[in-house]
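No lab work stands behind these numbers, since they all come straight from the coordinates. Given the structure is predicted, the values throughout are model-derived calculations rather than measurements. Don't worry about glycine lacking a Cβ; one is built from the backbone with ideal geometry, like all the others, and counts go over all protein chains shown.
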Amino acid sequence: MKAVWQEDFPVRWRDVDRAGRLTLASTMEVFQEAAISHAEELGAGRAVMLADRQGWVLSRMSVVMDARPRWGDGLTVRTWPRGTDRLFAVRDYDIMAGGGAIIRGRSGWLILDLDRRRPLRPQSVVDKMPANEGRDALSGTPAGLEARDGLAKTAERTARYSDIDFNGHMNNTRYISWLQDLAPPELLENAARLRLDVNYLAEVMPGECIELYSGMAALPSGAEHDGAWTEALAVEGRRGGEAVFRAELRAGT
């Protein structure tokens with residue numbers, strides 16, 4: 001049983017934007033694949049969970065890109081379980097280049113009772129995994145985002161074939177693609193650093209139309225703001241007036 005899962009990967013053409021740098025959506029795809037591989041190796045993969053009528057559901061994710069890898073760069077992704085926080089099973093990630101972590105992430109997962117569609121306490125599954133005590137990619141619980149006033153409706157998107165994954169709902173990485181399409185292109189292309197916080201609040205099923213609201217957001221103050229962030233964008237997806245996801249993107253130098 002590997003306490004930390006590790007894979008090498010190159011930054012491919014499909015992973016970069018017009019500026020030739022790794023996108024947030026591609027980063028989330030790399031994290032997702034590594035997490036799936038590690039869960040399988042730890043005996044908590046899809047088939048094992050399904051036998052108990054349980055499933056993993058990503059609820060929150062925070063990602064900090066301290067540097068933006070470029071097309072052709074050789075990178076290493078690592079991921080590891082990090083215990084529990086209330087109903088969340090916590091999983092950390094990083095992406096290494098040149099001997100150091102240049103991208104760091106922390107996710108909060110729910111274990112869902114597939115019949116009752118209700119979250120279960122994660123300890124029965126997570127307590128069988130390595131605890132990796134003291135090994136933190138990011139500190140604290142992945143950020144919980146509150147509803148923001150002043151967001152304007154800027155688009156509508158319908159969940160189509162390419163948005164839907166093996167579980168029959170919209171894949172977590174596709175929300176990030178939608179968010180990227182709402183952001184001013186120059187914000188993403190010019191940023192040397194990026195931070196993304198996203199909360200997944202409800203499933204989006206095939207054919208559902210989601211109203212997207214966005215607006216530039218105030219930067220955090222105090223200890224959370226290290227001076228490197230220059231812009232922030234808030235996004236909320238709504239269905240029938242109810243939020244299905246919230247995200248905040250920060251860009252900086």
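If I build a Gaussian network model for the chain, linking alpha-carbon pairs within less than 10 angstrom, which residue out of LEU179, LEU196, LEU120 has the largest mean-square fluctuation? Ranking LEU179, LEU196, LEU120 by mean-square fluctuation puts LEU120 first.
Extension gain for ARG86 to SER162 (0.36 nm times residue separation, less C-alpha to C-alpha distance): 24.0 nm. Between GLU40 and MET205, what FRET efficiency comes out of the Förster formula 1/(1 + (r/R0)^6) with R0 = 22 Å and r the beta carbon distance, rounded to 0.05? Between MET205 and GLU40 the formula returns 0.30. Once both labels are modelled 7 Å past Cα along the beta-carbon direction, what's the ARG148-ARG18 spacing in nm? It is 2.3 nm. The label-point distance for ALA243 and ALA131, in a model that sets each label 7 Å from Cα toward Cβ, rounds to 3.4 nm. With 34 Å as the cut-off, how large is the P(r) tail for the chain, expressed as percent of Cα-Cα pairs? Of the Cα pairs, 13 percent sit more than 34 Å apart. Approximating the spin labels as points 7 Å out from Cα along Cα→Cβ, the GLU189-to-SER139 distance works out to 3.7 nm. Estimated purely from DSSP H runs of n ≥ 4, each contributing -39500 (n - 2.57), the mean residue ellipticity at 222 nm for the chain is -5000 deg cm²/dmol once divided by its residues.
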